[in-house]
Structure formats: C-alpha cells, structure tokens
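Undergrad: Can you keep this structure in mind? I'll have questions shortly.
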Amino acid sequence: MYEFHKDKARYFSMQREVTHQYLIPFIRQYFKKPLSECKILEIGCAEAGVLKAFLDENATGVGIELLETRATLAKQFLAEDISAGRVEIINKNIYDVAETQREEFRFDLIVLKDVIEHIPDQSKFIARLSAFLKPGGMVFFAYPPWQMPFGGHQQICNHTLLKVMPWIHLLPEAVYKFLLRTAGESKHTIDELLEIKETGISMGQMYHILLQNNFKIIGEKFWFVNPIYKYKFGLKPRVVFNLISKIPYFRNFCISAHYIIFHKG
C-alpha cells in the first residue's frame, strides 16, 4: 500500500491543499455566495482535510464520518476549530442523522470527495441529500468514474504489479478474485476491492440518478489526470480534451476524476 494511505497527517494535508487549489475554485464558478457566509456539510469526511480547507475560508461546517478511528483523527486535526465552535465532527452513518429533529441541520453546500463510489444504493442516498439543503443549496461530488483505469482502487494492493495495473477491476468477479488471491493479497484487501466493485459508479449512472431524483446539474469538470495525483504521484493535473468529454461511455475509460455540482431542480 502507498505510504500516504498510512501517514494520516500527510493525507490530511494533501486533501486540504487539493481542495484549496482545485475544488474550491471550481465550486466558486457556480456557487456565488461567499464561503464565509456558508455552512458546509462534508459526508465521509475521513480526517477532514477537505473540510479544513473550507474552514480556512471562514466557512462553518459539520463533518460526518462512519469510521470511529478516522472521526477521532478529524477531531484531533480540527481541535482548534471545534473549540472555537466553527465545526462539529459526528461519528455516525448519515442515515442515522435525524434531520427532522435538528432544524439547524441544513446546509448551503454538501461536499463528497471520493466517497459516493463507496456508498451502496446511491439512488436512495442521493435522494436523501435534499433534506439537508437550505433553499438554494448545492451538492458537490468529486469521484472516479468506475471504468477509469484505477476506478477499482487497486492502488491499495500490496503486490507491486497489481497496484499499477489498469482496468483489472473490470474483470469478471471470479477472475478478479482469483487474481488477487494468487498474488497473495490479504482477505481484508480482497474484501475491500470486491466491495468497491459492487458500489463503483459510472458517469452514466450518476446522470441517471440525478435525473431520476430531480436534481439539476449546474457545472462539471473532467480530469484526465486527477488533481490529487499531483500530491500522491507527482503527476501534473490535466483536464480531458473537450471532444473526448462529450463521447458517452468512451469518456468513462479516460476520465480519472469527475467534478459535478448540482441542486434540486
């Protein structure tokens, strides 16, 4: 596994920096309200590096994280902001947050970065988001389309060849599982990779779910080289050629990150 997955302080810093340099400038193109006047909800905040970047812009916020160990780290990294009353970290499943019992649990912007592809029943989940939005509120996703070269998150493998082998996650499940076992991957890693194989989301699926739930897309950006790769692998971020971004299905194999912002239509 790459070292940045183990070094949580470094990973926090990477997420904070990529949010400042790429996510926030993209969001500002479509979200005109000053961030200093906004309340942000980050779902699946992990160590809260993304959320911290919004706090740096004088926003207030809430981070929800399912894993207790990551929520604990988020509380440590954001200790000053928590003490100042600018942010709250909640260690819960988003489905367990009773929004009808908390009138203040409404947000100007909901953010999910590299999270939606891990969530089962995405249609049910996305439909629920409108309950957490203030009037005029928006939702931003950054995620890897499933068919992109490393959409299966195989970079978490321990085997040197597997972690750099593109598109192996598209193999039939039985073949994929056999390959992982033969390479000596641990049961934990195999289970994690098979789970993402079940929940990974394509761009076509994303568009269908948003249309199905009456969300309107406000803006999009398609990356050939995901900006986070600048910090992870030293690669220069690059957007996809305009022509390729317009070719349905084929573009899924070329786009390593999809930024999309939408609101209730």
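Undergrad: Among the residues of region 1-34, how many are loosely packed, with under 12 Cβ neighbours inside 10 Å, modelled with pLDDT of 95 or more and either among the aliphatic types (A, V, I, L, M) or not assigned by TED's automatic domain parsing to the domain that holds A48 (or both)?
TA: Adding up the residues that qualify gives 0.
Undergrad: Which ones in region 226-256 are within 19 Å of the chain's Cα centre (by Cα) and of a type in the set (G, A, S)?
TA: S256
Undergrad: Now, a different point. When you look at L211, is it hydrophobic (A, V, I, L, M, F, W, C), surrounded by fewer than 17 Cβ atoms within 10 Å (Cβ to Cβ) and not in a helix (DSSP H, G or I), yes or no? Give the derivation first.
TA: Values: hydrophobic (A, V, I, L, M, F, W, C): yes; surrounded by fewer than 17 Cβ atoms within 10 Å (Cβ to Cβ): yes; not in a helix (DSSP H, G or I): no.
The answer is no for L211.
Undergrad: Assigned by TED's automatic domain parsing to the domain that holds E104, touching a Lys or Arg at 6+ places or on another chain (Cβ under 6 Å), closer than 17 Å to R16 by Cα and modelled with pLDDT of 95 or more: is that true of A74 in this structure? Step through it out loud before you land on a result.
TA: Values: assigned by TED's automatic domain parsing to the domain that holds E104: yes; touching a Lys or Arg at 6+ places or on another chain (Cβ under 6 Å): no; closer than 17 Å to R16 by Cα: yes; modelled with pLDDT of 95 or more: yes.
Criteria not met by A74.
Undergrad: I'd like to check something: does region 220-240 contain any residue that is within 26 Å of S123 (Cβ to Cβ) and in contact with a Pro (Cβ under 6 Å, 6 or more places away or on another chain)?
TA: Within region 220-240, not a single residue is within 26 Å of S123 (Cβ to Cβ) and in contact with a Pro (Cβ under 6 Å, 6 or more places away or on another chain).
Undergrad: Could you say which residue among K187, K197, K246, K221 is buried (at least 17 other Cβ atoms within 10 Å of the Cβ), among the basic types (K, R) and out of contact with any strand residue (DSSP E or B) (no Cβ under 8 Å at 6 or more places or on another chain)?
TA: Details: K187 fails: buried (at least 17 other Cβ atoms within 10 Å of the Cβ); K246 fails: buried (at least 17 other Cβ atoms within 10 Å of the Cβ); K221 fails: out of contact with any strand residue (DSSP E or B) (no Cβ under 8 Å at 6 or more places or on another chain).
Step by step, each of K187, K197, K246, K221 is checked, and only K197 is buried (at least 17 other Cβ atoms within 10 Å of the Cβ), among the basic types (K, R) and out of contact with any strand residue (DSSP E or B) (no Cβ under 8 Å at 6 or more places or on another chain).
Undergrad: State whether the residues of region 85-99 include one that is crowded, with 17+ Cβ neighbours inside 10 Å and in contact with a Ser or Thr (Cβ under 8 Å, 6 or more places away or on another chain).
TA: Looking for residues that are crowded, with 17+ Cβ neighbours inside 10 Å and in contact with a Ser or Thr (Cβ under 8 Å, 6 or more places away or on another chain), one finds at least one in region 85-99, hence yes.
Undergrad: Of all residues in region 215-265, which are of a type in the set (K, R), outside any helix (DSSP H, G or I) and touching a residue at least 24 places away in the same chain (Cβ under 8 Å)?
TA: K216, K221, K264
Undergrad: Here's a check for you: in region 55-66, which residue that is more than 15 Å from the chain's Cα centre (by Cα) and not hydroxyl-bearing (S, T, Y) is surrounded by the fewest Cβ atoms within 10 Å (Cβ to Cβ)? I'd like the intermediate steps shown before the answer.
TA: Step one: filter region 55-66 for residues more than 15 Å from the chain's Cα centre (by Cα), giving 55-62.
Checking which are not hydroxyl-bearing (S, T, Y) leaves us with 55-59, 61-62.
Numbers: L55: 21, D56: 14, E57: 15, N58: 12, A59: 21, G61: 26, V62: 21.
Applying the filter and picking the extreme gives N58.
Undergrad: What strands (runs of 3 or more DSSP E) completely inside region 87-146 contain at least 2 residues that are in contact (Cβ under 8 Å) with a residue 12 or more places away in the chain, assigned by TED's automatic domain parsing to the domain that holds L35 and farther than 25 Å from P227 by Cα? Give the derivation first.
TA: On the way: elements: 87-90, 107-113, 133-143.
It comes to 87-90, 133-143.
The values are calculated or read from the model by the stated rules, or taken from the named source; none is laboratory data. Being a predicted model, the structure only gives us computed values, none of them experimental. When we count neighbours, we look across all protein chains shown, and the Cβ atoms used for this are built from the backbone with ideal geometry, even at glycine.
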